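K.L.:
Here it is, the structure in full.
The values are calculated or read from the model by the stated rules, or taken from the named source; none is laboratory data. All figures in this text were calculated on a predicted structure; none of them were measured in a lab. Backbone-built Cβ (ideal geometry, glycine too); neighbour counts: all protein chains shown. What goes into the accessible areas is simple: the full protein's heavy atoms, side chains included, and nothing from ligands, DNA or RNA. Shrake-Rupley method; radii C 1.70, N 1.55, O 1.52, S 1.80 Å.
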Amino acid sequence: MTVLRFMEWLGASPAANAMNGPEWAFPVVESLHFIGFAFLIGTIAIVDLRLLGLAMRRQPAGQLEAELAPWTLAGLAIMLITGPLMFSADAVTYYVNPSFRIKMACLVAAILYNFTLHRMAARSEKPGVAGILAACVSLLLWTSVLGAGRMIAFV
Amino acid sequence: MSLLSFCQWLQETDVSVAIREGALLYPIIGGIHLLAIALFGGMVLASDVRLLGWGLRRESVTDLIGQLRIWKWVGGVLVVVTGLLLAWCEPIKLYHSKSFWIKMTLFACVGLHALIFRSSVYGSTVALDQSPAMPLRAKLAAALSLLLWAGLVFSGRLIAFDS
């Protein structure tokens with residue numbers, strides 16, 4: 001089965017039917033998606049602002065990162081449930097949408113980065129310049145995810 | 001002049017037309033609006049989670065709320081300014097949108113929330129830190145603030161789907 005075939009099947013699946021059923025289904029799931037990314041990106045932004053020396057300067061970045069991690073993960077979980085649900089509503093259209101593909105590439109990079117290099121930088125003894133760099137890359141990656149996501153509706 | 005004729009006049013202004021018809025302007029403003037929602041939401045979440053005792057318990061309330069306040073403001077101002085620009089480009093639609101008026105009502109509730117809790121909770125964090133258990137009014141303020149924020153996200157998103 002080709003990927004496109006799979007998308008066609010997905011678009012006709014029960015999840016897609018539910019999403020395309022009642023009028024409120026899509027906007028409600030999309031609102032939850034927004035709340036999920038606010039949790040995810042908002043908590044990461046706090047760690048980044050700390051690494052940049054722009055907020056919470058009395059706390060070590062690693063402690064903040066660890067304390068915020070459950071909320072970051074909660075946001076990620078909400079996103080990874082609501083995102084595929086929205087995708088299934090119109091799988092083929094999303095699959096061929098260039099902005100969607102850019103978003104997915106940025107998203108994979110951002111998630112991998114966040115839980116590896118970014119976490120290492122935040123939890124190191126003295127993040128210093130490496131921490132500043134790590135924060136800039138992090139903010140850039142998540143901004144790209146959001147920006148590309150917003151553009152899906154416009155290309 | 002009625003509110004509707006004001007909306008009609010607003011919709012004909014140059015700024016309104018420019019945002020509506022410029023290919024990139026609308027999605028860029030919308031993108032910044034989303035970023036600001038995330039920034040503002042993150043700050044609200046961190047402060048409220050601390051007040052509710054659900055996390056960040058190693059930080060003092062004073063530290064957390066005090067140090068994040070500026071970023072809460074940055075996010076809040078950005079979200080309001082971009083929101084006004086987005087509203088400027090389709091005022092007639094918004095005038096007829098039920099979700100928009102729900103959102104405006106929620107904004108009024110945000111104002112009320114600030115009036116009620118600003119001095120007793122957000123302005124007296126030192127007392128909260130010294131109190132042996134988090135007072136009920138602080139938890140209530142935090143829970144209501146999270147609910148209001150989520151309500152604003154929901155009603156805002158629903159505007160695009162109002163027929």
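K.L.:
What residue, of A:Pro70, A:Pro84, A:Pro60, is open to solvent by 40 Å² or more (accessible area, probe 1.4 Å), within 14 Å of chain B (Cβ to nearest Cβ), over 17 Å from B:Gly41 (Cβ atoms) and not hydroxyl-bearing (Ser, Thr, Tyr)? Walk me through how you get there before you give the answer.
P.N.:
Values: A:Pro70 fails: over 17 Å from B:Gly41 (Cβ atoms); A:Pro84 fails: within 14 Å of chain B (Cβ to nearest Cβ).
Within the list A:Pro70, A:Pro84, A:Pro60, the selection yields A:Pro60.
K.L.:
Separate question: Please enumerate the residues belonging to region B:113-143 that are surrounded by 16 or more Cβ atoms within 10 Å (Cβ to Cβ) and either closer than 30 Å to B:Glu90 by Cα or of a type in the set (Phe, Trp, Tyr) (or both).
P.N.:
Scanning region B:113-143 gives B:His113, B:Phe117, B:Tyr122.
K.L.:
Would you check if A:Ile46 is open to solvent by less than 10 Å² (accessible area, probe 1.4 Å), at pLDDT 95 or above, under 22 Å from B:Lys72 (Cβ atoms) and facing another protein chain (nearest Cβ under 10 Å)? It would help to see each step written out before you state the result.
P.N.:
On the way: open to solvent by less than 10 Å² (accessible area, probe 1.4 Å): yes; at pLDDT 95 or above: yes; under 22 Å from B:Lys72 (Cβ atoms): yes; facing another protein chain (nearest Cβ under 10 Å): yes.
Yes; evaluated as a whole, the condition is true for this residue.
K.L.:
Suppose we filter region A:1-39 for residues that are open to solvent by 50 Å² or more (accessible area, probe 1.4 Å) and among the hydrophobic types (A, V, I, L, M, F, W, C); how many remain? Outline the logic, then answer.
P.N.:
As a first pass, look at region A:1-39 and keep what is open to solvent by 50 Å² or more (accessible area, probe 1.4 Å): A:1-6, A:8-9, A:12, A:14, A:17-18, A:20, A:22-24, A:32.
When the remaining residues are screened for being among the hydrophobic types (A, V, I, L, M, F, W, C), the result is A:1, A:3-4, A:6, A:9, A:12, A:18, A:24, A:32.
Result for region A:1-39: 9.
K.L.:
Would region B:11-20 turn up any residue that is within 10 Å of chain A (Cβ to nearest Cβ), surrounded by fewer than 19 Cβ atoms within 10 Å (Cβ to Cβ) and out of contact with any Pro (no Cβ under 7 Å at 6 or more places or on another chain)?
P.N.:
Residues of region B:11-20 that are within 10 Å of chain A (Cβ to nearest Cβ), as a first pass: none.
Looking for residues that are within 10 Å of chain A (Cβ to nearest Cβ), surrounded by fewer than 19 Cβ atoms within 10 Å (Cβ to Cβ) and out of contact with any Pro (no Cβ under 7 Å at 6 or more places or on another chain), one finds none in region B:11-20, hence no.
K.L.:
Now for a different question. Taking B:Gly66, is it under 22 Å from B:Ala133 (Cα atoms), part of a helix (DSSP H, G or I), of a type in the set (Gly, Ala, Ser) and at pLDDT below 95?
P.N.:
Working: under 22 Å from B:Ala133 (Cα atoms): yes; part of a helix (DSSP H, G or I): yes; of a type in the set (Gly, Ala, Ser): yes; at pLDDT below 95: yes.
Criteria met by B:Gly66.
K.L.:
Let me ask something else. Report whether or not A:Glu65 is more than 13 Å from every other protein chain (Cβ to nearest Cβ) and among the acidic types (Asp, Glu). Lay out the reasoning, then the answer.
P.N.:
On the way: more than 13 Å from every other protein chain (Cβ to nearest Cβ): no; among the acidic types (Asp, Glu): yes.
No, not satisfied.
K.L.:
While we're on this one: What about B:Leu78, is it open to solvent by 50 Å² or more (accessible area, probe 1.4 Å), free of Cβ contacts under 8 Å to residues at least 60 places away in the same chain and within 14 Å of another protein chain (Cβ to nearest Cβ)?
P.N.:
Values: open to solvent by 50 Å² or more (accessible area, probe 1.4 Å): yes; free of Cβ contacts under 8 Å to residues at least 60 places away in the same chain: yes; within 14 Å of another protein chain (Cβ to nearest Cβ): yes.
When the stated conditions are applied, B:Leu78 passes them.
K.L.:
Can you give me the number of residues within region B:32-75 that are without any contact (Cβ under 8 Å) to a residue 24 or more places away in the chain, open to solvent by 50 Å² or more (accessible area, probe 1.4 Å) and facing another protein chain (nearest Cβ under 9 Å)?
P.N.:
Going through region B:32-75 one residue at a time, the tally reaches 4.
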